[in-house]
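What follows draws every value from the coordinates through simple rules; no lab data is involved. Just so we're clear, the structure is a prediction, and the values are computed from it rather than from any experiment. Positions of Cβ are backbone-derived with ideal geometry, glycine not excepted, and every protein chain shown enters the neighbour counts.
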Amino acid sequence: MNHADLVFTGGPVFTADAARTRATALAVTGDRITAVGHQEIRELIGPGTEVVDLKGRLLVPGFQDSHIHAVYGGTELAECDLTETVGADVYLDRIRAFADAHPDREWITGSGWSLESFEGGLPTRQLLDSVVADRPVYLVNRDHHGAWANTRALELAGLTRDTPDPADGRIEREPDGTPSGVLQEGATALVARLVPPTTAADRLAGLLRAQQLLHSLGITGWQDALLGVFNGQPDPSDAYLAAARAGTLTARVTGALWWDRERGAEQIPELVARRKELTYGRFRAGSVKIMQDGIAENFTAAMTTPYLDGCGCATANSGLSFVDPLTLREHVTALDALDFQVHFHALGDRAVREALDAVEAALAANGQRGNRHHLAHLQVVHPEDIGRFARLGAIANIQPLWAAHEPQMDELTIPFLGPERAAWQYPFGDLLRTGATLAAGSDWPVSSPDPLAGLHVAVNRAEPGATDGRVFLPEQRLDLGTALAAYTAGSAHVNGTDQAGSLRPGLLADLVVLDRDVFARPADEIAEARVERTYVGGQLVHLA
């Protein structure tokens, strides 16, 4: 008898297979799962077998993130970090302390401030000037669709009351037209282009820092949603290729090549060349990212009807479609014919419809090629478009952590959508009931990369630790098994990692041991669970 290298016994095993079978033991030989079952697995234990007694803890497939920016997130961990708080005074204290601790830095850069911390979501240049006036400061907000700059940064960029807004963004202004310090969407590039770029060494260090964090959260693979130059930020592709070649990339990574919205079909041959260049070991770049709109909080998400103003009256603004909808169909059809997956950023209901129309055009022209096109974010989906996901084979790439009552939702989104449209937000349950395939991701560093926090919100439609009893659109809740399958088998499917994502003999041994069986505990305790062990291909990459 051939003995296994690694055997897990004594606890529940969530397989994430089609039948949602449960087991109590699993065996691994080399990088593959060789048996899933019960007591009979013990026969595979030999003198050299490592045995892990689960003691009632839950074994699940490795989590995969279907939409993340790992290199950016890891790099930002070394900059001025404004996450994990919403206090404006705390932000200023952190910025001052970071500047004092780094007197030689030409620019003070960082990220993570929250819109809800400032009236109307708009901090001012004068606030930044009060803590750092002698050097330029440029701080990206939590959602990475806007930035906060001090007066020195705006001056260096040459921004004045006469500077026009770019076509894909907006400069927030004081009453006389002077830039106020906040730049939205494409306007961020006006200052970002001056920020000293990260080096290749910085990016590689950021990737490895991110990988360590993500493994500690049970994440064994992901899709990086932006490989390319965006708003002045350097292309992170070199970090992935360097790590893959050096053997230090332990995760399985799919890269989404950035579609330059200032260009057209002439960039497709370049994407074909980059796909070939950026495929090595555990890294492949077979996806193309098209950002079709912005976000609801700054009124750039593309909607089918106008946003409301603070008084509840319709405005003249329905958001931005960054790629002409008819041209989008042509581009997606061409990419599909070349067997690229298309990864859409589609947040407003008009952007969702435009993306689905493009998938439908590709399907009509090329037939079903199995390229697994997916729409990420899906904040507002028109009810008429819900059923189209299943019909077109378009995958719903959800970021569950956002589907909860919190100040940004309650103060900066719902009042400007209106009650009917606000009820169309994050329709996970409706998508599931109409047969859509669900994948799940985080959009880190926009929000926490912790899959357990995302699972908590997907199931409860309330933030971890919420005590007010409010549930955000409760009919859109997912059961735990479905949500967990989205974070494992669903995301592995989107990421093209067909040999992972579920626990069946012959598949890759990407595994996570949680510190409890979350199925046996109340749903409002899901986020309290922790990852104790993470394995990629049978190799331990994290031990708590």
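With axes computed from alpha carbons, what is the tilt in degrees of helix 325-337 against the longest principal axis of the chain, rounded to the nearest 10 within 0 to 90?
The answer is roughly 30 degrees.
With each run of n ≥ 4 DSSP H residues scored as -39500 (n - 2.57), what mean residue ellipticity at 222 nm is computed for the chain after dividing by its residue count and rounding to the nearest 500 deg cm²/dmol? Spell out each step's value before the answer.
Details: 18 runs with 149 residues, N = 544.
For the chain, the value works out to -7500 deg cm²/dmol.
What's the angle, to the nearest 10 degrees (0 to 90), between helix 268-277's Cα axis and the longest principal axis of the chain?
Approximately 40 degrees, to the nearest ten.
Using a 7 Å offset from the Cα along the Cα-to-Cβ direction at both Asn2 and Leu122, what is the distance between the two label points in nm, to one decimal?
Each label point is offset 7 Å from its Cα along the Cβ direction, giving 6.7 nm.
So, counting K/R as plus one and D/E as minus one, what does the shell of residues with Cβ under 9 Å around Pro179 add up to?
Numbers: positive: Arg125, Arg161, Arg173; negative: Glu172, Glu174.
In short, +1.
Which percentage, to the nearest 5, of the DSSP beta bridges contained in segment 255-494 is antiparallel? List each step's numbers first, then the result.
Numbers: 3 of 21 bridges.
Around 15 percent of the beta bridges assigned by DSSP in segment 255-494 are antiparallel ones.
Normalising by the residue count of the chain, find the relative contact order in percent from Cα pairs under 8 Å and 6+ residues apart. Walk me through the numbers before you get to the answer.
Values: 1261 pairs, mean separation 94.6, N = 544.
Computed value for the chain: 17 percent relative contact order.
Once you keep just the Cα pairs under 8 angstrom separated by 6 or more residues, what percentage relative contact order results for segment 10-107?
Details: 83 pairs, mean separation 21.6, N = 98.
Relative contact order here is 22 percent.
Per-residue counts of other Cβ atoms within 10 Å, averaged by peptide: what ranking do you get for 231-244, 338-351, highest first?
Values: 231-244: 21.1, 338-351: 25.4.
Sorting 231-244, 338-351 by mean packing, highest first, produces 338-351, 231-244.
Over segment 343-394, what is the relative contact order in percent, taking alpha-carbon pairs closer than 8 angstrom and at least six residues apart?
Once divided by the residue count of segment 343-394, the mean separation gives 53 percent.
Name the shape class, rounded, prolate or oblate, that the alpha-carbon gyration tensor gives for segment 355-410, where a ≥ b ≥ c are the square roots of its eigenvalues, rounded holds for a/c under 1.5, and otherwise prolate holds if a/b is larger than b/c and oblate otherwise.
Details: a/c = 3.47, a/b = 2.44, b/c = 1.42.
Here segment 355-410 falls in the prolate category.
Under the rule a/c < 1.5 gives rounded, and otherwise a/b versus b/c splits prolate from oblate, where does segment 107-192 land using the Cα gyration tensor? Don't skip to the answer; put the middle values down first.
Values: a/c = 1.30, a/b = 1.08, b/c = 1.20.
Rounded is the answer for segment 107-192, as its axis ratio a/c remains below 1.5.
What angle do you read, to the nearest 10 degrees and between 0 and 90, between the alpha-carbon axis of helix 451-460 and the longest principal axis of the chain?
80
What fraction of the DSSP beta bridges in the chain is antiparallel, stated in percent and rounded to the nearest 5?
Values: 37 of 78 bridges.
So the antiparallel bridges in the chain amount to around 45 percent.
Report the normalised scattering of segment 461-544 as log10 I(q)/I(0) at q = 0.18, 0.23 Å⁻¹, calculated by the Debye formula with identical scatterers on the alpha carbons.
-0.93, -1.22
Which order do the peptides 461-472, 286-297, 177-188 come out in when sorted by mean C-beta neighbours inside 10 angstrom, highest first?
Working: 461-472: 15.5, 286-297: 25.1, 177-188: 23.1.
Packing proxy ranking, top to bottom: 286-297, 177-188, 461-472.
With a cap of 15 neighbouring Cβ atoms within 10 Å, and only residues DSSP puts in a loop, list the trypsin sites (Lys or Arg not before Pro) found in segment 1-81. Before the final figure, lay out each step's value.
Values: sites: Arg20, Arg22, Arg32, Arg42, Lys55, Arg57; in loops: Arg20, Lys55, Arg57.
Answer in residue order: Arg20, Lys55.
How would you classify the chain from its alpha-carbon gyration tensor, with a ≥ b ≥ c the square roots of the eigenvalues: rounded for a/c under 1.5, else prolate if a/b is greater than b/c, otherwise oblate?
Working: a/c = 1.60, a/b = 1.47, b/c = 1.09.
Since a/c reaches 1.5 and a/b is larger than b/c, the shape of the chain is classed as prolate.
Roughly what % of DSSP beta bridges within segment 107-192 run antiparallel, to the nearest 5? Write down the numbers at each step before the final one.
Details: 10 of 15 bridges.
Antiparallel: roughly 65 percent of the beta bridges in segment 107-192.
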